[in-house]
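Okay, structure first, notes after.
The values are calculated or read from the model by the stated rules, or taken from the named source; none is laboratory data. Bear in mind that the values here come from a model prediction, so they are computed numbers and not experimental data. As a convention, Cβ positions derive from the backbone with ideal geometry for all residues, glycine included, and neighbour counts pool all protein chains shown.
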Protein chains: 2
Amino acid sequence: MPNSRIIKAMPPERSELEARIKQFQAQMRDCGVDLSLLRQNADLYYFTGTVQDAHLLIPADGPPLFLVWRVYERALEESPLENIEYLPRLKKLPDILRAFGLKDISCLGLEMDVLPASLFLYYTKEIWPDVPVKDITHQVRLTRCRKSAWELSCIEEACRQISSVIEDMPLILKPGINELELAAEIEARLRCLGHPGYLRMRGWNQELGVGQIISGPQGSWPAWTNTPAGGRGINSAYGQGATDRIIDHGEPVNIDLGGSVNGYVCDQTRPFCIGRPPERLQEAFSLVASLLKELEGNLAPGIRSSVLYDLALDFVKGTGFENGFMGWGRNQVRFIGHGLGIEIDEYPFISRGNSMVLEKGMILALEPKIALDGIGLIGLEDTYLITADGARRLTLGPQELTIL
Amino acid sequence: MPNSRIIKAMPPERSELEARIKQFQAQMRDCGVDLSLLRQNADLYYFTGTVQDAHLLIPADGPPLFLVWRVYERALEESPLENIEYLPRLKKLPDILRAFGLKDISCLGLEMDVLPASLFLYYTKEIWPDVPVKDITHQVRLTRCRKSAWELSCIEEACRQISSVIEDMPLILKPGINELELAAEIEARLRCLGHPGYLRMRGWNQELGVGQIISGPQGSWPAWTNTPAGGRGINSAYGQGATDRIIDHGEPVNIDLGGSVNGYVCDQTRPFCIGRPPERLQEAFSLVASLLKELEGNLAPGIRSSVLYDLALDFVKGTGFENGFMGWGRNQVRFIGHGLGIEIDEYPFISRGNSMVLEKGMILALEPKIALDGIGLIGLEDTYLITADGARRLTLGPQELTIL
């Protein structure tokens, strides 16, 4: 086990949080919302610099109010925001809102994709009855997908975190090891580097540890998660990822990992093989590698997400690999990439029919993958920053199928 | 790294799932719900034996319909239920419901504490407009808190999983190690034993890896999570659990772990110390140990949760440790135990004012813990089965403060 050395960047400054809030407020005004209430961990971290059990109230104009139940003292210490108040109990919410002029509003914005129904009803029936409500999730996600220099620096550190583990793979992936043992080694190394041990996902019911470590034919099995493949998993309660199957010679070993530094993630997949892989696996890998190059060459501000998706489908068409591209048949996922930041499923989604246009400062992962019948999953994944005139790869190391 | 050996029990049988559904249906009828729609991972696993992206429709009478989008084939393989149908897209839902006679209903039950607002609105406005809705969460949780022999066997295996790691602590907890390195070692061992690497929690915004590994004064810091203490965590995005601080001599090291077998968890906390702990820490531990014995002696069918909670508070009163009992001051949590099963936060909660009465077959953890200023967190936690005339401890090993 290596010694730990946490990779850390500096925490966000107040000016950075204020800039984010300003961007979001402009969008609130555009859609006629005069107060947003945010409660979800990832959204709270984005706008306050800390995760607490709290209400973040952002008016369309003026400074936000960060109302913290648990832990108020840590919010004061960890968040650079100015207006941080204590919320002793939920019952006090109306009084506090009134005192801050946030009770009489004309349209309320809520994170409708993640806020549980019971809380939604509480806020809309008890706290702001008869006030029209809008789902502000799209605006939150739009704001969050344009990354700052500080966010980029965190994600770059996350890339170095994963890179150091990928580099160690020849030391770890030995004949006779099984997937769980491999996962344990990889995860332990990441933990020592300050990885929290799990990644945040926005999608409801989506779950992930630090990634997916899958091998052989079962590695191409679909899972309930919105991923090209999932693997079998240890049991039917956790039907994705590593199992106790021993990795055999010539099988694809799919190492799909999310780094995490200061709450910001990257996403990288590298394939490995103990001994010589079958011809068809090598052909599929060549296709995936050239497709990724092709997609990289098209990443630039102004390009529509769906154009990239269609390009990928066209690229694979007629190669004989289209049936397993991004998963099997009807379990194929309808994307070839996704944005990431605090969550691993952020805007922009590079998906079918998606009209979102790429912008400078967006950060996203591209992950062309192919499921091969009787062989397994083969693919690559890298994280990219959209630059002024193209894109820059953030994840490190060669885009190879490594044969050990 | 030890070799992996997944601890597995047999999957649930159809008769077991049918018994669960029957129990739940009786409760649905009691509260006038004639159709429940369940969608959350843990609830799906409980009633179907698998986690898929799916709709589980349980009428008040008759067999349920398991409508699976992703992955239908795995649902067929993994779930012993009879009526498993494919849902090609959400738009088809009304037609399918009509075909199965589930469209015209008089009261709909939903998991309102976990179902996101946008899905809640979709079902109540688009699919079942003008149908009264009830929150069926309480009934689901009530059903789930009475464990079967099979569920007990899974939790017993989870206890063995944790026990084997606790036994290894003298090999792992060496002078000079830091919390993250310790966590990495522990988690790696659990992964090799088939632990998924994270635990499911029902509470919104609650997060957990495999538990909390915290030491020294910072170990008593409160976190946003609903736990007696949380520790500092690696950064303000993940402000709980292990950090890169090196564990010093004489400091409390709090090892709080959840095992996981077949999707079922246990919960156990053991304190360790490298070298001689300070007098005050030993006094606090003696108090915690005798309180746990006292609580154990009172665990039995028929006792009210709040009585156990009050008993604990009375026990600590006047000892000089009451200020840090179950956390500091206003960040004290208002419980001393919780049920567990598929999630680590199940019924019954042993909490202030809670009128739930313990029943034979319930499984819960008791976790008296004390935060000591300048010293850290000291506590014990064990998992218990309520038996016909008392309780049986399921977690293994001595209830000690181990001095290494």
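Is it the case, given these coordinates, that A:LYS103 is at pLDDT below 95 and more than 12 Å from chain B (Cβ to nearest Cβ)?
Values: at pLDDT below 95: yes; more than 12 Å from chain B (Cβ to nearest Cβ): yes.
When the stated conditions are applied, A:LYS103 passes them.
For a quick check of your reading of the model, give me the residue pairs whose first member lies in segment B:47-63 and is in the same structural domain as B:LEU35 (by TED's automatic domain parsing) and of a type in the set (Phe, Trp, Tyr), whose second is modelled with pLDDT of 95 or more and in a strand (DSSP E or B), with beta-carbon atoms closer than 6 Å and at least 6 apart or on different chains.
From residues that are in the same structural domain as B:LEU35 (by TED's automatic domain parsing) and of a type in the set (Phe, Trp, Tyr), the pairs are B:PHE47/B:LEU56.
For residues that are within 14 Å of chain A (Cβ to nearest Cβ) and charged (D, E, K, R), scanning just segment B:15-68, find the one that is surrounded by the most Cβ atoms within 10 Å (Cβ to Cβ).
My answer is B:ASP43.
Matching residues to (1) crowded, with 24+ Cβ neighbours inside 10 Å; (2) among the aliphatic types (A, V, I, L, M); (3) not assigned by TED's automatic domain parsing to the domain that holds B:LEU115:
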site: B:SER163; (1), (2), (3): no, no, yes
site: B:ILE166; (1), (2), (3): no, yes, yes
site: B:LYS174; (1), (2), (3): no, no, yes
site: B:ALA184; (1), (2), (3): yes, yes, yes
site: B:LEU208; (1), (2), (3): no, yes, yes
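Here's the yes/no breakdown for (1) modelled with pLDDT of 95 or more; (2) farther than 27 Å from B:THR243 by Cβ:
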{"site": "A:SER4", "(1), (2)": "no, no"}
{"site": "A:PRO12", "(1), (2)": "no, no"}
{"site": "A:LEU17", "(1), (2)": "yes, no"}
{"site": "A:ALA42", "(1), (2)": "yes, no"}
{"site": "A:ILE58", "(1), (2)": "yes, yes"}
{"site": "A:GLY62", "(1), (2)": "yes, yes"}
{"site": "A:SER79", "(1), (2)": "yes, no"}
{"site": "A:ASN83", "(1), (2)": "yes, yes"}
{"site": "A:MET112", "(1), (2)": "yes, yes"}
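With of a type outside the set (Gly, Ala, Ser) and at the interface with chain A (Cβ under 9 Å from one of its Cβ atoms) as the only criterion, which of B:LEU93, B:LEU121 stands out?
On the way: B:LEU93 fails: at the interface with chain A (Cβ under 9 Å from one of its Cβ atoms).
Criteria check complete, one pass: B:LEU121.
Restricting to segment B:357-404, count the residues that are in contact with a helix residue (DSSP H, G or I) (Cβ under 9 Å, 6 or more places away or on another chain), farther than 13 Å from B:LEU292 by Cα and surrounded by fewer than 19 Cβ atoms within 10 Å (Cβ to Cβ).
Qualifying residue count for the region: 10.
For residues that are of a type in the set (A, V, I, L, M, F, W, C) and touching a strand residue (DSSP E or B) at 6+ places or on another chain (Cβ under 6 Å), scanning just segment A:214-232, find the one that is nearest to A:ILE370 (Cα to Cα).
Quick first cut of segment A:214-232, residues of a type in the set (A, V, I, L, M, F, W, C) only: A:214, A:221, A:223-224, A:229.
Narrowing further to those that are touching a strand residue (DSSP E or B) at 6+ places or on another chain (Cβ under 6 Å): A:214, A:224, A:229.
Details: A:ILE214: 13, A:TRP224: 18, A:ALA229: 9 Å.
Across segment A:214-232, the extreme among qualifying residues is A:ALA229.
Restricting attention to segment B:108-140, and to residues there that are of a type in the set (D, E, K, R) and under 13 Å from B:SER36 (Cβ atoms), which single residue is surrounded by the most Cβ atoms within 10 Å (Cβ to Cβ)? Talk me through it step by step, then tell me what you get.
Initially, segment B:108-140 is screened for residues of a type in the set (D, E, K, R), giving B:111, B:113, B:125-126, B:130, B:134-135.
Next, from what is left, pick out any that are under 13 Å from B:SER36 (Cβ atoms): B:111, B:134-135.
On the way: B:GLU111: 24, B:LYS134: 17, B:ASP135: 18.
So, considering only residues that are of a type in the set (D, E, K, R) and under 13 Å from B:SER36 (Cβ atoms), the one surrounded by the most Cβ atoms within 10 Å (Cβ to Cβ) is B:GLU111.
I'd like the residue in segment A:215-226 that is surrounded by 24 or more Cβ atoms within 10 Å (Cβ to Cβ) and either of a type in the set (Ser, Thr, Tyr) or within 8 Å of another protein chain (Cβ to nearest Cβ) (or both) and, out of all such residues, is nearest to A:ILE186 (Cα to Cα). Before you say what the answer is, go through the steps one by one.
Narrowing segment A:215-226 to residues surrounded by 24 or more Cβ atoms within 10 Å (Cβ to Cβ): A:215, A:219-220, A:222-225.
Cutting the leftovers down to either of a type in the set (Ser, Thr, Tyr) or within 8 Å of another protein chain (Cβ to nearest Cβ) (or both) gives us A:215, A:220, A:222-225.
Numbers: A:SER215: 15, A:SER220: 21, A:PRO222: 23, A:ALA223: 22, A:TRP224: 24, A:THR225: 22 Å.
It comes out as A:SER215.
Every residue in segment B:125-139 that is without any contact (Cβ under 8 Å) to a residue 12 or more places away in the chain and within 13 Å of another protein chain (Cβ to nearest Cβ), please.
B:LYS125, B:HIS138, listed by residue number.
Report every pair of residues separated by at least 6 positions or lying on different chains whose Cβ atoms are under 6 Å apart, first residue within segment B:104-124 and over 14 Å from A:ASN205 (Cβ atoms) and assigned by TED's automatic domain parsing to the domain that holds B:ARG29, second at pLDDT below 95 and assigned to a loop (DSSP other than H, G, I, E, B).
Matching pairs, first to second residue: none at all.
Take the conditions within 30 Å of A:ASP345 (Cα to Cα), touching a residue at least 60 places away in the same chain (Cβ under 8 Å) and in a helix (DSSP H, G or I) and apply them to A:LEU142. Does it pass?
On the way: within 30 Å of A:ASP345 (Cα to Cα): yes; touching a residue at least 60 places away in the same chain (Cβ under 8 Å): yes; in a helix (DSSP H, G or I): yes.
Taking the combined requirement at face value, the residue satisfies it.
Only one of these conditions is not met by A:ALA158: (1) out of contact with any Leu (no Cβ under 7 Å at 6 or more places or on another chain); (2) free of Cβ contacts under 8 Å to residues at least 24 places away in the same chain; (3) within 12 Å of chain B (Cβ to nearest Cβ); (4) small (Gly, Ala, Ser). Which number is it?
So A:ALA158 meets the others, but not (2).
One line per residue, one yes/no per condition, for (1) assigned to a loop (DSSP other than H, G, I, E, B); (2) more than 13 Å from every other protein chain (Cβ to nearest Cβ); (3) modelled with pLDDT under 95; (4) in contact with a Ser or Thr (Cβ under 8 Å, 6 or more places away or on another chain):
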| position | (1), (2), (3), (4) |
| --- | --- |
| B:GLY203 | yes, no, no, no |
| B:ILE213 | no, no, no, no |
| B:ARG232 | yes, no, yes, yes |
| B:ALA242 | yes, no, no, no |
| B:ASP256 | no, yes, no, yes |
| B:SER260 | no, no, no, no |
| B:GLN268 | no, yes, no, yes |
| B:PRO271 | no, yes, no, yes |
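Would you mind finding the one in A:GLU279, A:GLU181, A:GLU207 that is within 23 Å of A:GLU167 (Cβ to Cβ), out of contact with any Leu (no Cβ under 9 Å at 6 or more places or on another chain), free of Cβ contacts under 8 Å to residues at least 60 places away in the same chain and of a type outside the set (A, V, I, L, M)? Before the answer, list the steps.
On the way: A:GLU279 fails: within 23 Å of A:GLU167 (Cβ to Cβ); A:GLU207 fails: within 23 Å of A:GLU167 (Cβ to Cβ).
Being within 23 Å of A:GLU167 (Cβ to Cβ), out of contact with any Leu (no Cβ under 9 Å at 6 or more places or on another chain), free of Cβ contacts under 8 Å to residues at least 60 places away in the same chain and of a type outside the set (A, V, I, L, M) holds for just one of A:GLU279, A:GLU181, A:GLU207, which is A:GLU181.
If you go through segment B:298-318 one residue at a time, do you hit one that is polar (S, T, N, Q) and closer than 22 Å to B:PRO252 by Cα? Spell out the reasoning first.
Looking only at segment B:298-318, we keep the residues that are polar (S, T, N, Q), and these are B:298, B:305-306.
Subsequent filtering for residues that are closer than 22 Å to B:PRO252 by Cα retains none.
The answer is no, given that none of the residues of segment B:298-318 is polar (S, T, N, Q) and closer than 22 Å to B:PRO252 by Cα.
Checking A:VAL114 against (1) among the hydrophobic types (A, V, I, L, M, F, W, C); (2) in contact with a Leu (Cβ under 8 Å, 6 or more places away or on another chain); (3) facing chain B (nearest Cβ under 9 Å), only one condition comes out false. Which one?
Going through the list (1) among the hydrophobic types (A, V, I, L, M, F, W, C); (2) in contact with a Leu (Cβ under 8 Å, 6 or more places away or on another chain); (3) facing chain B (nearest Cβ under 9 Å), A:VAL114 breaks only (2).
Considering only segment A:113-129, I want to know if a residue exists there that is touching a Lys or Arg at 6+ places or on another chain (Cβ under 8 Å) and aromatic (Phe, Trp, Tyr).
So far as segment A:113-129 goes, yes, one or more of its residues are touching a Lys or Arg at 6+ places or on another chain (Cβ under 8 Å) and aromatic (Phe, Trp, Tyr).
Can A:LEU208 be described as in contact with a helix residue (DSSP H, G or I) (Cβ under 8 Å, 6 or more places away or on another chain), within 13 Å of chain B (Cβ to nearest Cβ) and aliphatic (A, V, I, L, M)? Walk me through it before giving the result.
Values: in contact with a helix residue (DSSP H, G or I) (Cβ under 8 Å, 6 or more places away or on another chain): no; within 13 Å of chain B (Cβ to nearest Cβ): yes; aliphatic (A, V, I, L, M): yes.
So A:LEU208 does not fit the description; no.
Working only within segment A:256-284, note down all residues that are among the aromatic types (Phe, Trp, Tyr) and under 23 Å from A:LEU171 (Cα atoms).
Going residue by residue through segment A:256-284, those that are among the aromatic types (Phe, Trp, Tyr) are A:264, A:272.
A:PHE272, the sole residue that qualifies.
Only one of B:GLN240, B:GLN206, B:GLN212 is touching an Asp or Glu at 6+ places or on another chain (Cβ under 6 Å) and either under 22 Å from B:VAL265 (Cβ atoms) or not polar (S, T, N, Q) (or both); which? Quick ask: steps written out before the conclusion?
Numbers: B:GLN240 fails: touching an Asp or Glu at 6+ places or on another chain (Cβ under 6 Å); B:GLN206 fails: touching an Asp or Glu at 6+ places or on another chain (Cβ under 6 Å).
Criteria check complete, one pass: B:GLN212.
Counting only residues that are farther than 20 Å from A:GLY209 by Cα and assigned to a loop (DSSP other than H, G, I, E, B), how many does segment A:244-254 have?
Filtering segment A:244-254 for residues farther than 20 Å from A:GLY209 by Cα gives A:246-252.
Cutting the leftovers down to assigned to a loop (DSSP other than H, G, I, E, B) gives us A:247-252.
Summing the residues that are farther than 20 Å from A:GLY209 by Cα and assigned to a loop (DSSP other than H, G, I, E, B) in segment A:244-254 gives 6.
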